[in-house]
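I have placed the structure first, in the form of structure tokens, so that the comments after it can refer back to it.
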Amino acid sequence: MFQYLGQIPYETWTKLLLSVIEFHHKQQANFLKARLGGVFCCSFLKDFETTQKILTENNKIHAALEITLGDPLVYEAHPYDRKVFIIGMSSIFIASNIGEVIQSIMTKILDTIISLLLYTMYLERRDEEKKKMQ
């Protein structure tokens, strides 16, 4: 999806993001919740300003951030989801014109990124220890 975001017309991009929000509320599986949150992470990474504009214009910025940050544990299960979250949400820190809503939760974003990085380091060390024991 990531490589195609720049080629998607604005209206289609809007429908995609709004559909993800609607679909997410119907899900119980953490795997799907993490992947749907990843859509927003990729979208922020690819074009932060357009993504923020779409979500703000449709009064969905809070919903998108709740999906993305609501339960950080959903990103712990799969390395792919952790990487997508860390890279996508880190892109917010280099973006210009960050809206008020996102500015108000920058600490939570940073805290979640750090927590996932620490968890990833823990898993890597654990795997190295297992390899040494074998």
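List of remarks:
- Residues that are over 11 Å from the mean Cα position of the chain (by Cα), outside any loop (DSSP other than H, G, I, E, B) and of a type in the set (S, T, N, Q) within region 55-96 comprise just one, 56.
- Within region 34-68, considering residues that are of a type in the set (Lys, Arg) and at pLDDT 90 or above, the one surrounded by the most Cβ atoms within 10 Å (Cβ to Cβ): 60
- Test: residue in region 80-97 that is open to solvent by 80 Å² or more (accessible area, probe 1.4 Å) and more than 27 Å from residue 118 (Cα to Cα): yes
- Scanning region 66-84 for residues that are hydrophobic (A, V, I, L, M, F, W, C) and closer than 12 Å to residue 36 by Cβ gives 67, 74, 84.
- A single member of 23, 31 is more than 18 Å from residue 98 (Cα to Cα), at pLDDT below 85 and open to solvent by 20 Å² or more (accessible area, probe 1.4 Å), and it is 31.
- Output for region 7-35, where each listed residue is more than 21 Å from residue 76 (Cβ to Cβ), aliphatic (A, V, I, L, M) and part of a helix (DSSP H, G or I): 16, 17, 18, 21
The values are calculated or read from the model by the stated rules, or taken from the named source; none is laboratory data. Here the structure is a predicted model, which means the values were calculated and not measured. All Cβ positions, even for glycine, are placed from backbone atoms using ideal geometry, and neighbour counts span all protein chains on display. The area values use the complete protein model at the heavy-atom level, side chains included, leaving out ligands, DNA and RNA. Shrake-Rupley method; radii C 1.70, N 1.55, O 1.52, S 1.80 Å.
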